[in-house]
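J.: Handing you a structure now.
Here, each number is a calculation from the coordinates, and none is a lab measurement. All values reported here derive from a predicted model rather than from experimental measurement. Neighbour counts are summed over all protein chains in view; Cβ atoms, including those assigned to glycine, are modelled from backbone coordinates with ideal geometry.
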Amino acid sequence: MSSVPVTVTGLTDALQVAVGEYSTCALRATGAVVCWGYNHYGQIGNNSTTDVSVPTIVSGLTDAVFTSAGAYNSCARRSSGAVACWGGNDNGQVGDGTTTRRLTPVAVVGLP
């Protein structure tokens, strides 16, 4: 923990930052998304539930233009306009028509 701003290790090309309740994500200039922090629900998107303290690539997401982070899930809008989400899904918040936890991005149903 730091009481003053610190540089995020290895992140020099962020276009946007999304701060969730327990994790943070950043959109990189390449269209990739990286996330770090608490990962019990898979909200980091790296196909695990292990917490990470450095920016970690979200699996299979290379064309993002916007990202958001919630308490237990994260989402990204892709260059095509489609939306992908991952993480906690107890109430269907990932948007894939299920309540299954998603450890990597899945398409939100009905958003072509």
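J.: In units of 2.2 N^0.38 Å, what is the alpha-carbon radius of gyration of the chain?
T.: Compactness ratio reported: 0.99.
J.: Quick check: net charge around N73, other residues with Cβ under 10 Å of its Cβ, Lys/Arg +1 and Asp/Glu -1? Can you show the working numbers first?
T.: Values: positive: R101, R102; negative: D90.
Its environment carries a net charge of +1.
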